[in-house]
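Enquirer: Mind looking over this structure? Questions follow.
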């Protein structure tokens with residue numbers, strides 16, 4: 001890497017005075033006079049990396065990010081779980097661009113470590129209330145009609161540490177239990193055409209092949225609507241920690257149901273009441289009752305710039321950036337407030353706008369150096385509007401840590417630093 | 001990893017006799033009788049990976065593919081270039097699913113090694129026929145309005161080794177000089193709004209910051225239409241070999257023009273006639289003249305399964321899979337022939353179907369064990385139909401290695417192996 005100082009071009013800079021349609025009077029760029037550039041019109045102060053041959057052998061068969069991006073990694077919170085065999089690794093959502101999460105950075109949660117499965121030995125069994133109980137190899141699955149879909153996966157506990165007021169000061173730990181990739185697989189409804197389904201089948205049990213044997217119940221309507229068994233994400237095989245060689249995809253529903261290393265689907269006439277839908281992934285209400293089967297991940301959004309990890313480093317024009325999603329369909333609109341919810345601006349949402357997929361939004365804003373209270377509020381195609389945390393807590397109280405899709409607030413301080421705060 | 005034999009479920013299998021709507025009489029899956037499954041309805045012969053805790057510490061901050069996917073890598077052809085500082089690494093297109101190429105597997109071609117650039121020292125200069133010559137930092141660029149687009153990048157030489165009849169027997173080396181990612185960046189037209197553009201500006205020169213100083217001319221209409229300066233691919237920073245921290249994107253046009261490590265754009269009133277558009281990336285015709293500026297990558301397609309690397313391993317129903325693309329817009333249709341072009345079938349193309357992006361197609365077919373001659377033929381939204389190589393050579397002869405977008409033929413032998421052959 002280069003040894004040159006950071007100021008190699010400094011002598012050629014002066015403040016931009018001209019205004020422009022694109023950037024108003026913000027003056028985001030530096031101009032040089034033609035005479036400063038030199039007679040040949042080639043840039044002055046040739047940087048070191050232009051003067052020698054680059055490394056040819058550094059192009060790996062499977063490539064990795066630049067050494068300058070070593071801060072863009074998944075991170076965990078060791079105290080969240082008792083052992084590493086039951087852990088959580090958060091996506092650095094504050095560093096993402098567009099709407100694709102690179103596979104190496106995808107959020108994952110495992111309950112019994114990462115099972116390592118030889119794809120040649122992998123089997124998926126379908127049993128219970130079907131006409132023909134069957135076992136499929138991975139090759140068998142690939143002989144069914146294929147489907148390719150972008151879907152977000154979000155943990156029901158994403159943002160859960162915020163319920164009772166603990167404000168983790170980072171975008172990654174408050175919003176990073178999510179990822180968004182293009183899945184390749186087969187529709188569960190097509191597999192069921194092969195096994196047949198008895199009219200009495202109303203629910204299924206999906207069971208993982210890891211040592212935790214993680215299992216969840218899913219109603220038949222959802223199973224036959226858009227659930228998939230998938231073997232690829234973003235064009236390549238599933239990563240081990242995402243259930244290699246095959247996992248269940250339950251679009252728009254909480255990530256815990258997307259059984260990894262899936263080995264069995266049993267059809268039955270009632271829910272199976274597994275540990276993961278009784279003692280966990282239920283919402284304890286203030287009256288002591290617990291809501292079960294709160295599957296759908298409602299509309300939500302996050303401002304990734306500015307954010308605690310991405311402060312403002314100068315006044316003037318910036319592009320606010322963020323992501324929005326809804327488990328009920330497409331994002332229709334994302335509004336942003338810079339004054340804690342008093343005034344709202346409609347952002348640009350970037351296509352393709354896909355069903356149950358992360359959607360990128362951006363909005364130009366001018367920072368004068370004053371404090372700002374930045375909020376985003378997603379609206380999905382059903383008309384649902386992302387609520388405040390007060391609205392959620394009026395209904396649910398503060399016992400449950402799940403399904404916090406409330407509007408978050410970033411406080412931008414006068415020095416440009418950004419904090420996670422609670423309003424009201 | 002597991003030590004169990006590959007036949008752990010064999011005793012429970014019998015041939016499927018029942019027909020089904022989904023898979024006809026192909027019998028792709030094995031059924032089991034309920035009594036063979038055991039009283040608890042849990043699968044027999046619990047595999048080893050279910051019986052012990054998985055590895056928790058294996059979940060890396062930046063994850064990598066499964067150990068069972070070590071064959072899915074970029075590969076190069078050492079004799080193609082004199083030194084490793086000028087090399088080509090081919091995408092394993094035969095292993096891709098969906099339409100996203102994972103960043104670690106993206107085709108790349110470099111002419112002076114991979115330049116390693118500190119993003120804090122990166123500068124982009126705009127000079128020549130503009131009102132204000134300017135130098136931008138990476139942060140400056142990020143203050144412009146952002147755009148997110150999926151585009152394919154294909155080298156003009158992709159398939160070039162086929163022109164004179166050399167049939168490389170692999171999908172990777174005949175079709176792998178291509179990738180498809182979601183780019184994040186700024187439109188060149190927005191940068192030009194900031195610098196201003198003189199009416200006399202008709203062309204630009206884009207110049208790389210690597211030691212090769214790779215440079216190409218682009219007409220102003222294209223530059224202001226859809227060209228972008230990008231800093232991210234598939235949600236994360238550009239990879240070093242893709243021009244970190246910033247490259248030019250020239251949608252639908254040959255990859256050589258997508259200048260990596262871009263350091264300068266000069267506007268002029270005529271093309272610059274650089275080495276890469278005179279002695280290279282021109283098409284030598286049979287009469288000795290050379291066609292210059294043959295930029296557009298015309299409609300093309302590849303069947304990735306079956307293919308030389310992906311033979312057929314049993315008779316019955318399969319899903320043919322492939323990718324199609326066009327530098328002129330969206331793919332409208334992909335036809336597939338199994339008999340060397342006598343009969344054609346329309347395939348399923350998978351959405352979202354995007355402008356100048358790879359598009360996935362699939363088609364069910366039944367393999368009886370006979371020889372097949374498999375071909376795909378893409379049609380784009382302009383109505384252009386992918387030609388045969390004979391049609392191309394009638395016009396161009398065989399001198400040039402560039403812009404071979406002809407229909408390829410895979411011969412499927414009776415044993416299921418697949419060869420790259422030339423028809424006619």
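The values are calculated or read from the model by the stated rules, or taken from the named source; none is laboratory data. The structure displayed is predicted, hence computed values, not measured ones. Neighbour counts are summed over all protein chains in view; Cβ atoms, including those assigned to glycine, are modelled from backbone coordinates with ideal geometry.
Enquirer: Looking at A:327, A:369, which one is at pLDDT 95 or above and more than 17 Å from the chain's Cα centre (by Cα)?
Expert: When all the criteria are applied, what remains is A:369.
Enquirer: Looking at segment B:93-102, can you tell me whether even one residue there is more than 23 Å from residue B:220 (Cα to Cα) and over 21 Å from the mean Cα position of the chain (by Cα)?
Expert: No: segment B:93-102 contains no residue that is more than 23 Å from residue B:220 (Cα to Cα) and over 21 Å from the mean Cα position of the chain (by Cα).
Enquirer: Restricting to segment A:373-389, count the residues that are outside any loop (DSSP other than H, G, I, E, B) and closer than 10 Å to residue A:330 by Cα.
Expert: Matching residues across segment A:373-389 total 2.
Enquirer: Just one of (1) surrounded by 23 or more Cβ atoms within 10 Å (Cβ to Cβ); (2) over 21 Å from residue A:97 (Cα atoms) trips up residue B:89, so point out which.
Expert: (1)
Enquirer: Another one. Quick check on my filter: what residues within segment A:221-243 are touching a helix residue (DSSP H, G or I) at 6+ places or on another chain (Cβ under 6 Å) and farther than 19 Å from residue A:356 by Cα?
Expert: A:237, A:239
Enquirer: List the strands (runs of 3 or more DSSP E) that sit entirely inside segment B:245-356 and contain at least 2 residues that are touching a residue at least 60 places away in the same chain (Cβ under 8 Å) and within 14 Å of another protein chain (Cβ to nearest Cβ).
Expert: Output list reads B:262-268, B:300-305, B:316-325.
Enquirer: I've got another one for you. Among (1) at pLDDT 95 or above; (2) over 17 Å from residue A:304 (Cα atoms); (3) surrounded by fewer than 21 Cβ atoms within 10 Å (Cβ to Cβ), which single condition is residue A:364 missing?
Expert: Answer for residue A:364: the failing condition is (2).
Enquirer: On to the next question. Filter segment B:82-93 for residues that are more than 9 Å from chain A (Cβ to nearest Cβ) and under 18 Å from residue A:54 (Cβ atoms) and give the result.
Expert: If the condition is that a residue be more than 9 Å from chain A (Cβ to nearest Cβ) and under 18 Å from residue A:54 (Cβ atoms), then B:82, B:88 are the ones that fit.
Enquirer: Look through A:109, A:132 and report the one residue that is outside any strand (DSSP E or B), touching a residue at least 24 places away in the same chain (Cβ under 8 Å) and within 14 Å of another protein chain (Cβ to nearest Cβ).
Expert: A:132
Enquirer: Conditions: (1) more than 7 Å from every other protein chain (Cβ to nearest Cβ); (2) out of contact with any strand residue (DSSP E or B) (no Cβ under 7 Å at 6 or more places or on another chain); (3) in a helix (DSSP H, G or I). Residue B:140 meets all but one. Number of the miss?
Expert: (1)
Enquirer: Please indicate, with yes or no, whether at least one residue in segment B:70-90 is assigned by TED's automatic domain parsing to the domain that holds residue B:241, modelled with pLDDT of 80 or more, closer than 30 Å to residue B:353 by Cβ and assigned to a loop (DSSP other than H, G, I, E, B).
Expert: No, there is no match, as no residue in segment B:70-90 is assigned by TED's automatic domain parsing to the domain that holds residue B:241, modelled with pLDDT of 80 or more, closer than 30 Å to residue B:353 by Cβ and assigned to a loop (DSSP other than H, G, I, E, B).
Here is a yes/no grid of residues against (1) surrounded by 20 or more Cβ atoms within 10 Å (Cβ to Cβ); (2) under 20 Å from residue A:155 (Cβ atoms):
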position: A:300; (1), (2): yes, yes
position: A:334; (1), (2): yes, no
position: A:337; (1), (2): no, no
position: A:340; (1), (2): no, no
